[in-house]
Each structure stands twice: as structure tokens, then as C-alpha cells.
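Everything below concerns the one structure shown next.
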Amino acid sequence: MKKVVLNTIAYAVAAGIMFTACKKEDEAPVQPTEKAVEDNSMSMAESDEVLAIAEEEMNSNYSNMRIDATQETHENSHGATITFTPKGSNATGSILIDFGTTGIKSDVDGKTRKGKILITFTGKYRTPGTTQTITFDNYQVNGNKVEGTQILTHAVENNTYKTNVKITGGKISYTDNTTITWNSEHVRTWNLNGTLLNFEDDEFTVSGTSSGKARDGKNFSSVIAVGTPLLWKFSCLSESRFVAVSGIVKVMPEGGQEWTADYGNGSCDREVVVKSGNFTATITLEK
């Protein structure tokens with residue numbers, strides 16, 4: 001049961017960050033600098049979606065990621081062909097996630113993907129001292145091409161698991177010929193609250209920074225501070241539907257005012273307060 005929940009956490013991050021795609025209670029004219037907020041959200045959401053797909057395979061192949069085993073193939077939940085090559089006595093092993101060249105529409109989220117995601121690993125996922133590197137080969141989602149390198153490293157501090165996710169050369173090329181580019185480094189902290197087999201009391205936080213260039217050509221940076229990380233409580237799932245229950249994201253667009261998205265005080269709801277200058281709106285994320 002715990003393993004299944006781990007597979008969904010990256011989708012939780014994506015859902016919680018994507019506040020720009022939701023229903024606003026107070027509508028206001030779109031400002032040019034709001035594009036940076038949206039594109040920062042898109043870069044994080046796409047990165048976390050890739051990580052979720054990779055996690056499904058890293059978790060299911062956990063026992064074989066550091067020992068000898070025969071190469072195997074199977075199909076994942078999105079319809080991709082998975083080729084698992086064990087590490088054995090080599091420096092690394094690999095997991096190839098192949099969506100083909102014509103595109104596969106997922107029964108999970110309805111998106112059409114094609115191309116390949118490659119995971120190269122030195123050891124088991126979430127094991128301190130190991131590294132997993134994610135790269136792409138003409139990988140596209142609904143026609144939008146995703147590029148970059150994700151490097152995952154792991155540690156255990158005070159009985160909590162931490163994964164550092166560093167992205168370099170991140171890029172989304174859209175069908176309208178616009179692009180988002182970014183680099184980022186985020187730390188994911190998983191708190192099991194002392195109950196390894198009971199996920200209902202688990203908590204998960206994300207903090208870190210990113211910077212890049214939005215689709216309008218302007219630079220942006222964002223911060224999820226250690227003091228105000230995004231927090232998910234699995235005890236809130238039935239109400240929040242994977243939306244963060246607290247934490248603050250700050251986005252600084254080039255030539256504009258800072259934007260903040262405040263996810264609240266820990267209550268199990270779907271409300272986010274978005275602020276910039278004199279503009280404030282309370283939004284409710286759609287399910």
C-alpha cells in the first residue's frame with residue numbers, strides 16, 4: 001500500500017502547484033507578469049509528472065535495481081513499453097520507458113505521449129548514496145516536447161527520507177513555437193511519522209528554487225522557502241485531492257512585482273490565496 005502511494009506523490013506536487021489553471025473567485029485582468037507564474041507552474045508540473053512515471057518503475061523494480069537479474073520488458077499504466085536492465089556488477093543499470101513514435105493515449109490521464117524516458121541508476125531508489133538520472137529522447141506530451149536532465153540523490157536525516165531533485169536544461173517546446181526553459185533544485189522530504197506501513201499519517205514537503213525564461217521571453221525565478229515548504233497530508237486526501245495544505249510559493253517575474261501563492265495553515269481544503277501588489281484573489285482548485 002505504501003508503494004502505491006509513493007507512485008502518486010509527484011502528481012500531488014503537480015496538482016498543488018498548478019493554481020493558475022483553476023477557478024478564481026475574484027477575476028482580474030491578466031497582467032503580463034502573470035505569465036511567469038503560469039510558466040513556473042507548468043515547468044514544475046511537467047517535471048513532477050515525469051518523475052511520477054519514473055517512480056512507478058523505480059518502485060516496481062526496487063528489489064532488482066542493485067542485484068543481478070535478467071533483462072525484462074513489460075507495459076506500464078500509461079501503455080508504454082518498459083525495458084529494465086539490471087545493474088548487476090556494472091556501474092549503472094537502466095529503465096527505458098518507450099511510448100513509441102506514433103503516440104499512446106494514456107488511460108490514466110488521457111494525455112498522448114510519444115518518445116522515450118531513460119532512467120540510469122547506480123542503486124535502489126530512495127537509498128542514501130544512490131543516484132538516478134532521467135533524460136529524454138524526443139519525448140512529447142500532447143505534441144509538446146520535453147527536454148532536460150533530472151538528477152535524483154537521496155539522504156536520511158532525523159528518520160526522514162529526503163530526495164534532492166536537480167533539473168538542468170529543462171525545456172518545454174509548445175506546438176505554437178513558444179518555449180519555457182528553466183533550471184531548478186528542489187528537496188522533497190517524506191515524513192513517515194514512525195509508521196512505515198501506515199500511509200494515512202504520512203506527510204510530504206517540497207522546498208527549493210528555480211529560474212528560467214517564460215513563454216513571453218521574460219526571465220523569472222521562484223522560491224519555496226524551507227521555512228514555508230509546500231506540505232501535503234495524506235490524511236487530507238479525501239478532501240484536498242492532492243492539493244498542498246500549507247506553504248508559500250514566491251515567483252519573481254522580470255520587470256514585474258513578486259507574486260505569492262499561499263496554500264493556507266494546514267486545513268484540509270483546496271483554497272489558495274494569490275497576491276501581487278494590491279491584487280489579491282482567493283481561488284479554489286478544481287477537482
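The values are calculated or read from the model by the stated rules, or taken from the named source; none is laboratory data. In this text, all values refer to a predicted model and were calculated from it rather than measured experimentally. Methodologically, a virtual Cβ is constructed for each residue, glycine included, from the backbone with ideal geometry; neighbour enumeration extends over all protein chains shown. SASA here: full protein model, heavy atoms, side chains in, ligands and nucleic acids out. Shrake-Rupley method; radii C 1.70, N 1.55, O 1.52, S 1.80 Å.
Would you mind stating whether K124 is farther than 12 Å from I53 by Cβ, within 20 Å of the chain's Cα centre (by Cα) and not hydrophobic (A, V, I, L, M, F, W, C)? Spelling it out, K124 is indeed farther than 12 Å from I53 by Cβ, within 20 Å of the chain's Cα centre (by Cα) and not hydrophobic (A, V, I, L, M, F, W, C).
Rundown of residues vs (1) over 16 Å from the mean Cα position of the chain (by Cα); (2) surrounded by 17 or more Cβ atoms within 10 Å (Cβ to Cβ), yes/no style:
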position: P128; (1), (2): yes, no
position: D137; (1), (2): yes, no
position: G143; (1), (2): yes, no
position: E147; (1), (2): no, no
position: I151; (1), (2): no, no
position: V156; (1), (2): yes, no
position: T160; (1), (2): yes, no
position: V165; (1), (2): no, yes
position: G170; (1), (2): no, yes
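For (1) assigned to a loop (DSSP other than H, G, I, E, B); (2) modelled with pLDDT of 85 or more; (3) open to solvent by less than 20 Å² (accessible area, probe 1.4 Å); (4) among the acidic types (D, E), each residue gets a yes or a no:
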position	(1), (2), (3), (4)
A45	no, no, yes, no
V50	no, yes, yes, no
I53	no, yes, yes, no
I67	yes, no, no, no
F84	no, yes, yes, no
A91	yes, yes, no, no
T102	yes, yes, no, no
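Only residues that are surrounded by fewer than 20 Cβ atoms within 10 Å (Cβ to Cβ), modelled with pLDDT of 85 or more and over 20 Å from T209 (Cβ atoms) were counted in region 233-272, giving 5.
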